[in-house]
Each structure stands twice: as C-alpha cells, then as structure tokens.
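Below: the structure, in structure tokens.
The values are calculated or read from the model by the stated rules, or taken from the named source; none is laboratory data. On a predicted model such as this, the values are computed, not experimentally measured, just so you know. As a convention, Cβ positions derive from the backbone with ideal geometry for all residues, glycine included, and neighbour counts pool all protein chains shown.
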Amino acid sequence: MNTTTILTAIIATVLADYLLERGLSFLNCRSISTQLPDEVKGIYSEEKYQRSQEYKRANCRFELVTASLQVVILLAMLMGGGFAFVDGLVRGMVQGELRVSLLFFALLFFGSEILFLPFALYHTFVLEERFAFNKTTKATFITDKIKGFVLLGGPLLNRLRALSTI
C-alpha cells in the first residue's frame with residue numbers, strides 16, 4: 001500500500017466517524033423534550049427538568065461546534081503535514097523511538113489542551129453558568145488544569161529522563 005492510499009483511508013475513517021457521531025448526536029438531541037414524563041410527575045420538579053433539558057440542548061449545539069473544529073484541525077494536520085512537522089521537531093529534540101513517541105504525543109496533548117482551552121472556559125463559565133450548573137471557581141478551574149498537566153507531564157518527563165540514561 002502506498003502513502004496516498006493510507007492517507008485516504010485515514011481521512012475516510014475520520015470523516016465516517018465524525019458523520020456517524022454527529023448523526024447519532026443529532027438524533028439524540030432532536031428527541032430532547034422539556035415536558036416532564038408522566039412516570040416522574042410528582043417526584044421530580046418540572047422546572048428543574050425543563051432547565052436540565054434546555055442545558056442538554058445547548059450542550060448538543062456546543063458539542064457540534066467543538067467536534068467540527070476538532071475534525072477540521074485533525075484533517076488539516078493530516079493533509080497539511082502537521083504531524084510530520086511535529087515528528088521532525090521531536091526527532092530533533094530526542095533520540096530513540098520510545099522517547100520520540102512519548103514526546104510526540106505529549107506535545108499533541110498539550111497543544112490540544114491549549115488550543116481548546118477557550119472552549120473549556122466557555123463551557124464551564126458561560127454555558128454552565130447560564131443554567132446555574134456551574135460550581136467551579138476560576139481558581140479551581142486553573143488548579144485542575146495545572147494538576148492535569150502535572151499528573152501527565154511529571155511521569156512523562158521522568159520517563160523521558162530515565163530513558164535518556166539508557
């Protein structure tokens with residue numbers, strides 16, 4: 001198999017996955033009803049149920065935007081040589097396939113986290129706030145992000161350091 005065939009297969013798989021996921025999400029979102037089901041009347045607050053269903057609808061729209069942007073970026077990276085660029089960058093920094101792989105995926109992870117940080121902020125502090133579901137403070141949000149980086153980055157850096165002595 002040549003490179004073009006493999007790239008075409010990867011792109012087709014990414015697009016098929018995106019279309020299937022968005023189609024299923026569309027069907028799920030279309031079935032959202034703000035009317036309280038008869039089975040839970042008297043048990044659950046009608047107002048709370050309506051608010052939770054409206055939140056679900058807003059999340060569906062938000063998810064469509066973020067998933068669409070993710071697939072566009074992934075396709076741009078695939079077709080524009082972005083992954084090859086990151087690979088070349090990493091290979092210039094470390095030696096050994098395991099170290100290259102670890103650093104490659106770490107850079108992609110951290111890049112993705114930084115790129116989609118505005119969307120996470122919007123979801124937490126605008127979307128959830130609008131429906132009074134947000135319990136996160138800005139300090140907690142930042143602390144959680146830092147903890148996530150440390151939890152992934154710390155062991156990764158230790159592993160890269162350990163591998164450099166081999």
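At least 1 residues being at pLDDT 90 or above and touching a Cys at 6+ places or on another chain (Cβ under 9 Å) is the threshold, and among the helices (runs of 4 or more DSSP H) wholly inside region 67-166 not one reaches it. Kindly indicate whether GLU21 is surrounded by 11 or more Cβ atoms within 10 Å (Cβ to Cβ) and over 27 Å from the mean Cα position of the chain (by Cα). It is false that GLU21 is surrounded by 11 or more Cβ atoms within 10 Å (Cβ to Cβ) and over 27 Å from the mean Cα position of the chain (by Cα). When GLY88 is tested against the conditions (1) under 30 Å from ILE10 (Cβ atoms); (2) outside the structural domain of LEU20 (by TED's automatic domain parsing); (3) touching a Phe, Trp or Tyr at 6+ places or on another chain (Cβ under 9 Å); (4) not aliphatic (A, V, I, L, M), the lone failure is (3).
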